[in-house]
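Working notes, beginning with the structure itself.
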Amino acid sequence: MNKISLLKFIAKAHKNTYAAPQEVKLRNKCKTPILDGHIDYDFSEGDWRYHDSYCGVQWAPGREVVFLQGKPLWSMSYQGQTIDGLSSEFVDETFGFLKKALMNVDQKKPFRGPAQFVEGEYEYRFEMKGDYSYFVGRESIKHKGKEVFFQDVMGTLIK
C-alpha cells in the first residue's frame, strides 16, 4: 500500500460523496443503505473503494472504510453534534458551511477539512494528533465566535 495513493484516494472520495455538489453526491449515494435508518455513500476508482455510512442529522455518528482490491485497509469513525436549540434553518446553514470547509480538504491530511476555514460569520477548525496510520481529531464550527457544531474523529490503518 502506498501512503500517497491512499491519501489522494481519500481526498477524491470525500469530494465525491457527502460534501460534493448534489448532482455528484447523488451518483455515489447508495439506494439501499447497509443498515436501516442510515445514509450510505460508495465511491470506487480502479482498485480503490470507499464506503461511508452514518445515521442522524444533528447528532450523526458514522464510519468510513477504504478498501484496496476488495480488502479493508483504512477506517475512520466520527461522531458529533450541533448545540441544542438551533433552528432547522440555522442547522442547514451550518451544515452548508461544513460542506464548503470539507471541499477545501488538506491533501496531506484529507480526513476532514483544512486546519482553518473562514467564511462570513463562520469559522471551521480541524485539529488532529497522529498521522493517517492512527489519529484522533476534532473539528468544530463557530458562528460569531460561539461553537455551534463539533465532531470527534479517529482513524487507523486496518491490519
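If you check S44, S53 for being of a type in the set (S, T, N, Q), touching a His at 6+ places or on another chain (Cβ under 6 Å) and free of Cβ contacts under 8 Å to residues at least 60 places away in the same chain, only one passes: S53.
Report, by residue number, each residue of the stretch 1-10 that is surrounded by fewer than 18 Cβ atoms within 10 Å (Cβ to Cβ) and in contact with a Phe, Trp or Tyr (Cβ under 9 Å, 6 or more places away or on another chain). Before you say what the answer is, go through the steps one by one.
First, pick out the residues of the stretch 1-10 that are surrounded by fewer than 18 Cβ atoms within 10 Å (Cβ to Cβ): 1-5, 8.
M1, K3, S5 - these are the residues of the stretch 1-10 that are surrounded by fewer than 18 Cβ atoms within 10 Å (Cβ to Cβ) and in contact with a Phe, Trp or Tyr (Cβ under 9 Å, 6 or more places away or on another chain).
Just one of the numbered conditions (1) touching a residue at least 24 places away in the same chain (Cβ under 8 Å); (2) part of a strand (DSSP E or B); (3) within 14 Å of the chain's Cα centre (by Cα) is not true of P72: (3).
Checking each residue in the stretch 12-45 for being in a helix (DSSP H, G or I) and either surrounded by 11 or more Cβ atoms within 10 Å (Cβ to Cβ) or not hydrophobic (A, V, I, L, M, F, W, C) (or both) picks out K12, A13, H14, Q22, E23, V24, K25, R27, N28.
Consider V65 carefully, then state whether it is in contact with a strand residue (DSSP E or B) (Cβ under 6 Å, 6 or more places away or on another chain) and outside any strand (DSSP E or B). No.
For every residue, the table says whether it meets (1) loosely packed, with under 13 Cβ neighbours inside 10 Å; (2) modelled with pLDDT under 95.
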residue: D84; (1), (2): yes, yes
residue: K99; (1), (2): no, yes
residue: G120; (1), (2): yes, no
residue: I141; (1), (2): no, no
residue: F150; (1), (2): no, no
residue: G155; (1), (2): no, no
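The values are calculated or read from the model by the stated rules, or taken from the named source; none is laboratory data. Small disclaimer: the values here were computed from a predicted structure and weren't measured. Reconstructed Cβ throughout: ideal geometry from the backbone, glycine too, with neighbour counts over all protein chains shown.
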